[in-house]
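To start, the structure under review is shown below, and the notes come after it.
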Amino acid sequence: MGSTDKIVRILIAVVIGFLFYTNVITGTLGIILLILAAIFVATSFISFCPLYLPFGISTCAIKSKK
C-alpha cells in the first residue's frame, strides 16, 4: 500500500469520525461508517488491504532497477 493510499484512508476515517461525533450521521449508517473508518485506519497502519489481493491491485511505488 502506497503512502498516498494510507493518507487518503486516514483522512476519510477522520472525516467519518467527525461527522459521527457531530451527529451529522447517526444510527445504523453511522455505526457502519465508523466500522469502515476503523478498518481504513487499521489497514493504513499495517500497510495491507486484503481486498487488493484478489484483484491484483498495488498502490506501492515501483522501484526500478538500475
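Table for the structure above
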read-out: Flag if A42 is of a type in the set (A, V, I, L, M) and either at pLDDT below 95 or more than 18 Å from the chain's Cα centre (by Cα) (or both); value: yes
read-out: Enumeration of residues in region 4-51 that are in a helix (DSSP H, G or I) and in contact (Cβ under 8 Å) with a residue 40 or more places away in the chain; value: T4, D5, K6, T43, S44
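Conditions (1) in contact with a helix residue (DSSP H, G or I) (Cβ under 8 Å, 6 or more places away or on another chain); (2) modelled with pLDDT of 95 or more; (3) exposed (fewer than 14 other Cβ atoms within 10 Å of the Cβ), marked per residue:
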position: V15; (1), (2), (3): no, yes, yes
position: I32; (1), (2), (3): no, yes, yes
position: A38; (1), (2), (3): yes, yes, yes
position: C49; (1), (2), (3): yes, no, no
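The values are calculated or read from the model by the stated rules, or taken from the named source; none is laboratory data. Computed from a predicted model, the values in this text were never measured in an experiment. Please note: Cβ atoms are built from the backbone with ideal geometry, for glycine as well, and neighbour counts cover all protein chains shown.
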